[in-house]
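**Q** Take this structure, written in structure tokens, and hold onto it; I'll ask about it next.
Rule-based calculations on the coordinates, nothing more; no lab input. These numbers come from a predicted model, not from an experiment.
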Amino acid sequence: MKARKVSTQPLWPVPQHGGETMSRKPSNYYMRRRPEEIFQKMTYHLEREKPFLDPHLSLRRLAVIVGTNTQYLSTSIRICAKMNFRSLINNYRIRYSLELLRQPDNEKVNFRTFHAECGFLSRSAFYMSFKKETDKTPRQFMKEHAVGLCPSLSCRKPGADVLRMDMPTS
């Protein structure tokens, strides 16, 4: 058997500057090594630009925004937030919905479209995530916080899709 030659070339170019050798690291070198930095950069973008309001947000799209790859981003979320990507994004969406519901100038909420305003594709996904995060349904939350709902929408049954504050509830 012949022994294979092992290359002694560095993985990235090593430029020569004034007689001294200076190793140049790839741009994502530090991002690979520090999940906390990736997570901090991701939370900055999530809070400032609110990409979680896009119902089609994916791990890949967020990784491009943050400037890393999907594996490093997913790992940093698991390490720092102790949850997966989908749970993190739904958490941001529910917190956003709670902010909207608590605004005093937000007198009327249309529940037929409210889930879409918060980045959810379906009402059922919104309800499940809301219940998971708050231990209450959106209806229970609204009753407790006396948030007004859009009275112009008709209900099939009292409280079916829209809970109107002027309607008696049983």
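**Q** Show me, for region 84-97, the HN-Hα J-couplings you get by feeding each phi into the Karplus relation (A = 6.51, B = -1.76, C = 1.60, θ = phi - 60°), rounded to Hz, glycine and proline as x.
**A** 8, 4, 4, 5, 5, 5, 5, 4, 4, 5, 5, 4, 5, 4
**Q** Can I ask one more? Holding the Cα-Cα limit at 21 Å, pick out from Lys108/Lys143; Lys82/Lys132; Lys41/Lys131 the pairs that are longer than that.
**A** Those over the limit are Lys41/Lys131.
**Q** Multiply the residue gap between Asn110 and Glu144 by 0.36 nm, knock off their C-alpha separation, and tell me the result in nm, one decimal place.
**A** 10.5 nm
**Q** A further question follows. Between Val109 and residues 5 or more places away or on another chain, which pairs have amide H atoms under 5 Å apart, with H built 1.01 Å from N, and which residues are they?
**A** Leu149, Cys150
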